[in-house]
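Quick note: the coordinates plus some simple rules give every number you see, no bench work behind them. All values reported here derive from a predicted model rather than from experimental measurement. A quick note on method: Cβ atoms are made from the backbone with ideal geometry, for glycine too, and the neighbour counts reach across all protein chains shown.
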Amino acid sequence: IEDVCRSSSKSTAFIPRSFWGSELTLLLVTKLLQRPIYLVVTPSGLADASYQIFKPIRKVTSTDELMSAGEFNYGGESVVQWLTSLQ
């Protein structure tokens, strides 16, 4: 987690997969930092890329305010939504 937290937040930065751990790690880091994490997954090249955003989520109930995080997946035509969110 320390390696991920110390990484650059520039849109051109990347973190090697060995540092992520798993989607659960990214959800945890998103929750701790309260910042979205944008991810491009390219296991077999950019032609087959998938896109994800891990976003902090605030849930308010009648008695509590809870902080959480969610994973949102984009592919195909919805990549434009991912790019718009990144800008």
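Go through (1) under 21 Å from LEU86 (Cβ atoms); (2) surrounded by fewer than 11 Cβ atoms within 10 Å (Cβ to Cβ) one by one and return the number of the condition PHE54 breaks.
Condition not satisfied by PHE54: (2).
List the residue pairs whose Cβ atoms are under 6 Å apart, where the first residue sits in the stretch 65-80 and is within 17 Å of VAL41 (Cβ to Cβ) and free of Cβ contacts under 8 Å to residues at least 40 places away in the same chain, the second is surrounded by 12 or more Cβ atoms within 10 Å (Cβ to Cβ) and aromatic (Phe, Trp, Tyr), and the two are 6 or more positions apart or on different chains.
Every condition considered, the pairs that remain are TYR74/TYR51; TYR74/TRP82; VAL79/TYR51.
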